[in-house]
Amino acid sequence: MCYIKTTLLALFVSVAAMAQKSITQQVYWIDNDIGAATAITTGTTLDVSSMAPGVHVLTMRVQDSDGLWSSPETRFFVVPHATTEPSEIVKREYWIDNNIAARTDLTDSPMVLSLLDLAPGVHFLTARIKDDAGLWSVPETRIFVVPHATVEATQIVEREYWIDNQIAARTTLDESPATISLLDLAPGVHILTARVKDDAGLWSSPETRIFIVPHAMVEATQIVEREYWIDNQIAARTTLDESPATISLLDLAPGVHIFTARVKDDAGLWSVPETRIFVVPHAMVEATQIVEREYWIDNKVATRASLADSPAEIALLDLTPGMHSLTVRVKDDAGLWSVPDTRFFIVPTKAEQDGLAIAQYMYWIDGDTLNFTNGTLTEPAGILPVTITHLEEGDHAITWRVADNRGIWSECVTDSFTFTKTAITAAMISLANNTFEYNAEDIEPDVTVTDGDTALILGEDYDLAISDNHDAGQATVTVTGKGAYKESDDATFTITQAPLTVTADDKTRHEDDEESPDLTITYSGWKGADDESVLITQPTVSCIVTADSPMGKYPITVSGGEALNYYLVYVNGTFTISEPVAVTSVLADTLDPNTKVYDLHGRPVLWRSAPRGIYILNGRKVFKR
């Protein structure tokens with residue numbers, strides 16, 4: 001079982017107004033569930049074993065003998081995981097200025113830490129402990145100051161305070177302790193802020209306390225009047241005759257509203273108004289989106305301004321130095337305004353701004369403090385150059401802090417974000433050329449991959465593979481995302497056939513040669529080491545010349561043939577039959593036209609009717625021209 005053992009009444013501070021009263025009742029509730037309020041007594045033990053592990057809220061209040069309840073007092077506590085029943089501390093460690101990577105073990109408790117090597121200024125000391133179940137405690141942080149080495153030692157030389165954040169009206173304190181007159185203040189809640197300055201001219205961090213100026217003291221009180229109003233319209237306040245009372249809210253416009261109530265006792269004193277925010281819903285809508293954003297400074301809602309962008313830059317440096325509040329709200333397409341969200345900030349003086357300029361940064365992802373990234377800010381807007389390309393898709397947390405020109409680091413801030421990788425698409429891929437001629441080598445075109453106006457880096461943002469890029473045809477470039485990019489897509493390019501010239505070689509022979517030479521082909525345009533072996537089909541060459549063909553020129557024709565990587569260009573040749581050799585050339589009119597001669601096949605023919613050619617006459621060859 002898991003328990004919280006504490007004296008709950010120790011959380012309440014006695015005030016002078018209760019000096020003559022006694023507490024008659026104490027109650028507490030968990031996680032703001034006031035409907036489950038439970039009575040308590042001194043030393044009550046709370047059983048939290050049924051609660052889920054994690055952070056919870058404990059709220060308490062007391063009632064005095066006059067029936068008046070105190071303001072609720074709230075404390076946070078953690079229900080640990082039920083790993084082991086008992087535990088003991090087995091390890092202690094600490095680190096300085098959020099530099100967890102340089103954490104140091106604490107061997108003794110208490111232990112003296114040497115801080116002399118630190119730069120003068122504000123620093124953070126963080127410590128944590130681990131039990132024998134391996135569970136680390138929540139880190140505990142304290143702020144401390146290393147003084148400048150201008151004096152041997154430092155002492156307080158000036159003290160000042162101001163009321164209700166009116167720093168311009170601050171007052172010097174001449175003594176310590178000092179008596180501050182608060183009688184001129186109006187009854188109610190006020191804020192007292194004080195700071196001190198040492199002889200090195202360094203001011204401490206302001207220290208703030210909240211206090212109440214009570215009304216005139218009365219012996220006893222009872223409630224004699226109750227009233228409420230809606231949306232800060234105090235002029236339209238309404239008296240409540242009963243407690244509890246039913247209040248009709250049906251006439252209110254849909255949206256966020258504010259309900260405020262107060263009571264008055266028989267001494268004529270009104271209580272501090274108690275406010276609750278509630279929502280009057282619209283008729284159900286399928287979905288909503290934000291259509292308007294606005295903000296205002298220092299609760300001046302009448303001067304609210306619209307925010308056109310999200311995130312938006314708001315100029316705050318024109319405000320007077322000191323503490324201010326920033327309030328924002330948004331409206332959806334159903335006309336509903338969100339609950340206003342308020343944050344407090346401090347506008348530094350001009351001298352402080354010069355020293356507070358952000359100069360350095362450090363961040364780590366998903367709590368991995370051992371793999372942090374740090375550097376010097378160069379962007380004028382103070383943008384952190386965060387690299388997240390190594391992350392897996394999904395939700396992540398980034399923790400960061402910055403340092404000013406004085407080397408003073410801020411507290412760590414953690415934000416969540418969703419990392420989604422960008423898919424590679426064909427539209428992102430471009431080739432310098434889309435068509436190449438076959439060259440007997442692997443062709444690798446120049447590839448550019450862009451995401452909008454950003455050129456991606458090979459090996460960092462994507463990997464590249466090229467296939468089918470040797471032979472003629474269509475080749476493929478595949479781009480596969482990496483880092484901040486995912487998936488893959490293709491681009492294609494074409495490898496065209498190269499020209500290969502096929503030439504029929506010229507041939508010659510004499511008319512009286514018994515055989516003709518073989519027909520041959522010459523190739524021109526081979527790429528690399530290619531030769532006839534790469535041809536799918538050999539080209540053929542032909543000529544009409546026969547053994548009986550007379551003297552003259554005849555075409556040699558080349559055709560056919562096929563290759564994967566070449567288209568064939570044909571060049572025909574010429575077959576030339578020249579005059580015969582070893583024959584007598586006889587003019588047609590030198591013989592008697594009736595002379596009988598024989599052709600080469602032995603057939604007789606009269607000279608006058610014999611065509612041009614070679615004949616046999618008296619055992620000799622004669623040539624009729």
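Just a few scattered comments:
- Secondary-structure-derived ellipticity at 222 nm for the chain, considering helices only, amounts to -500 deg cm²/dmol, per-run term -39500 (n - 2.57) for DSSP H runs with n ≥ 4.
- Modelled label reach - Ala267, point 7 Å along Cα→Cβ, segment 61-81 residues with backbone N closer than 15 Å: 64-70
- Where labels lie 7 Å past Cα in the beta-carbon direction, separation of Leu173 and Glu88 in nm: 4.5
- Just the protein heavy atoms count here, and of the accessible area of segment 358-455 at 1.4 Å, carbon and sulfur take up 45 percent.
- Label-to-label distance, Ile212 versus His190, with points set 7 angstrom from Cα along the beta-carbon direction: 1.5 nm.
- Remark: relative contact order (the chain) = 5 percent; criterion is Cα-Cα distance under 8 angstrom and separation of 6 or more residues.
- A full extension of the chain between Ser49 and Asp490 corresponds to an added length of 152.9 nm, given 0.36 nm per residue minus the alpha carbon distance.
- Given their separation in residues at 0.36 nm each and the Cα-Cα distance between them, Asp231 and Asp451 gain 74.2 nm when the chain is fully extended.
- Tail beyond 41 Å, pair distance distribution of the chain (Cα, percent): 61
- Which of Pro348, Ala427, Gln233, positive extreme of dipole for the chain (C-beta unit charges): Ala427
- With a cut-off of 16 Å on the backbone N, the residues of segment 545-573 near the modelled label site 7 Å out from Glu515 along Cα-Cβ are 546-548.
- Globularity ratio of segment 403-525, using Cα Rg and 2.2 N^0.38 Å: 2.13
- Total charge dipole magnitude, the chain, about the Cα centre, Cβ charges on Lys, Arg, Asp, Glu only, Debye to nearest 20: 680
- Cα shape, segment 393-438, gyration tensor, a/c 1.5 rule: oblate
- Per residue Cα convex hull volume in Å³ - calculated over segment 508-625: 123
- Accessible area (Å², per residue) of the chain, counting only protein heavy atoms and a probe of 1.4 Å: 63
- Long pairs among Lys596/Lys624; Lys507/Lys621; Lys264/Lys300, criterion Cα-Cα beyond 19 Å: Lys507/Lys621; Lys264/Lys300
- Ordering Val57, Tyr485, His190 by the projection of their Cα atoms onto the charge dipole of the chain, which places +1 on the Cβ of Lys and Arg and -1 on the Cβ of Asp and Glu, puts Tyr485 at the extreme positive end.
- For the pair Ser609 and Val122, label points projected 7 Å from Cα toward Cβ lie 13.5 nm apart.
- Legend: calculated FRET efficiency, Ser430 to His470, from the Cβ-Cβ distance at R0 = 22 Å, rounded to 0.05, equals 0.45.
- R0 of 41 Å, Cβ-Cβ distance Met111-Asp415: FRET efficiency to nearest 0.05: 0.75
- Within the accessible area of segment 513-567 (1.4 Å probe), percent carbon and sulfur: 51
- Stokes-Einstein, applied to the Kirkwood radius of segment 306-351 over Cα pairs at a viscosity of 1.567 mPa s and 4 °C, places its translational diffusion at 103 µm² s⁻¹.
The values are calculated or read from the model by the stated rules, or taken from the named source; none is laboratory data. The model shown is predicted, which means the values in this text are computed figures rather than measured ones. Heads up, the Cβs are rebuilt from the backbone with ideal geometry, glycines too, and the neighbour counts pull from every protein chain shown. With ligands, DNA and RNA removed, areas are computed over all heavy atoms of the protein, side chains included. Shrake-Rupley method; radii C 1.70, N 1.55, O 1.52, S 1.80 Å.
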